[in-house]
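The values are calculated or read from the model by the stated rules, or taken from the named source; none is laboratory data. Worth saying up front: this structure is predicted, and the values here are computed from it rather than measured. Cβ sites come from the backbone with ideal geometry, for glycine too, and all protein chains shown count toward neighbours.
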Amino acid sequence: MDSYERIQTIGKGSFGKVVKIKRKHDGRELVWKELSYGSMNDKEKQQIVAEVNILRELRHPCIVRYYDRIIDKRATKLYIVMEHCTGGDLASLIKRHRASKQYLEETFIWRVLGQVVSALHECHRHKENGVNKPILHRDLKPANILLDKNMNAKLCDFGLATELAGTDKLAKTVGVGTPYYMSPELVNNQRYDERSDIWSVGCIIYELAALSPPFDAANQLALAVKINSGKIAKLPSCFSEELHRSCHWMLRRDISRRPRVEDLERLPNLAVR
């Protein structure tokens, strides 16, 4: 704690807050996620441990960098020290553009897609001591993709992430993810794999272009019906057919027909980046 100086609180959540800090020995601005774990149940504590462990393992320019963790047992608080992304998040960016009725540049949307796919390649093809240990994010949404000062996208919030073990590389966990961005298999509590993350990316890229999510409804039941239909409106005419086709590909209802990271990396607009 003595190694850092608090600057200001920049965000608040149900279990804590995000505080901008300065590392004293070199003046570097970072953030820490301050989490009060005293009132958490065992499952919530496990999610925190999982996030810290995963952040420590992952080192990639498109994943928010982990620096340190501090445990204050007396105050039952955990501080996760991370890179500070000064550009905000995609959710705030979408909200601003929706308010001004101004579409984002398609070149920026392709760049975000390329950077998110690159980060997911690191997660989905993660190895530990030479052994494949894929990491699924499971809660990809605009608020969990931060932007640095140069508007480069970086994945964060691995609280729901899981290491996918076992020979069949399929998982089944009830009640994970954020409804607007949940894949049909998660909505239906079915077995899923890394391509559930790809569905969420499709939702995010679609929303970056259309400024509204591909599936929207007044309640969760109606939303589930729309997600299960897999029908999406065409993107605004200012966007290319290739961008629409790419969104449609990522939003295939049938998981077996959905692309993996390697498939997306071969898209012409990503291959040249």
Inset, instruction - Inspect segment 37-46 for any residue being part of a loop (DSSP other than H, G, I, E, B), of a type in the set (K, R) and at pLDDT below 90 and give the result as yes or no. - result: no
Legend entry - Boolean, S229 is in the same structural domain as W249 (by TED's automatic domain parsing), among the hydroxyl-bearing types (S, T, Y), closer than 19 Å to P142 by Cα and modelled with pLDDT of 90 or more: no
Inset, instruction - Tell me, please, whether a residue that is touching a residue at least 60 places away in the same chain (Cβ under 8 Å) and touching a Cys at 6+ places or on another chain (Cβ under 8 Å) can be found in segment 240-259. - result: no
Inset, instruction - Tell me which of these Y79 doesn't satisfy, since it passes every other one: (1) over 26 Å from L186 (Cβ atoms); (2) in a helix (DSSP H, G or I). - result: (2)
Legend entry - Residues (over 21 Å from K149 (Cα atoms) and either in contact with a Ser or Thr (Cβ under 7 Å, 6 or more places away or on another chain) or not in a strand (DSSP E or B) (or both)) located in segment 2-36: D2, S3, G13, S14, F15, G16, K17, K24, H25, S36
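Mind checking which residues of segment 176-201 are among the aliphatic types (A, V, I, L, M) and at pLDDT below 95?
Once the filter is applied, which keeps residues that are among the aliphatic types (A, V, I, L, M) and at pLDDT below 95, segment 176-201 yields V176, M182, L186, V187.
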